[in-house]
Amino acid sequence: MQSLGIADARGIANYYGLSYAEGTVYRLYYAPTLDHHYTMDANEYQVLGARGWIQEGVAWHSDDKEHGRPVYRLYYPPTLDHHYTMDENEYRVLGGRGWTQEGIAWYSSPEDEGQPVYHLYYESTYDHHYTKDAWEYQVLGGRGWTQEGIAWYSKE
């Protein structure tokens, strides 16, 4: 994943009418695959929106590189699924099992300074879902999603 510079991302966000703020992680939803996708790249957010993904707005905010810990992004072509993890070993192991390693997606805040972002998994579709909304986490847990706890912490 190639990330844009701050000036590039702001320019794209302004051009498309997005509200850009440094560290913004956007959330999209694609109904045909029941998949959510998360990105800090305003261009990726816009392009996927033009290709049928529902733009759901800001998911959370990333910490900065100097203060936060990296969250890695992987892609699995057979299921068209993305996965995000702070675990470097998991990132390496999945990379050796057919997942495409896409690098650092964003940065987690320290636990004592951030808000939790929860991770859920739906086995029948191999889908991973992330949310900082505790209510969404509870509702999906009651609908067959496996609640996997806190994945990382959002800056806001």
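Of all residues in segment 101-140, count the ones that are aromatic (F, W, Y) and closer than 14 Å to Y38 by Cα.
Of the residues in that region, 4 qualify.
In this structure, does Y75 turn out to be assigned to a helix (DSSP H, G or I), of a type outside the set (G, A, S) and more than 11 Å from the chain's Cα centre (by Cα)?
No; evaluated as a whole, the condition is false for this residue.
If you check every pair at least six apart or on different chains, which have Cβ atoms under 7 Å apart with a residue in segment 78-98 that is open to solvent by 70 Å² or more (accessible area, probe 1.4 Å) first and a residue that is part of a loop (DSSP other than H, G, I, E, B) and β-branched (V, I, T) second?
L80/T33
The values are calculated or read from the model by the stated rules, or taken from the named source; none is laboratory data. Computed from a predicted structure; not experimentally measured. Neighbour counts run over all protein chains shown; Cβ positions are idealised from the backbone, glycine included. Accessible surface is based on the protein model in full, side chains and every heavy atom, while ligands, DNA and RNA are left aside. Shrake-Rupley method; radii C 1.70, N 1.55, O 1.52, S 1.80 Å.
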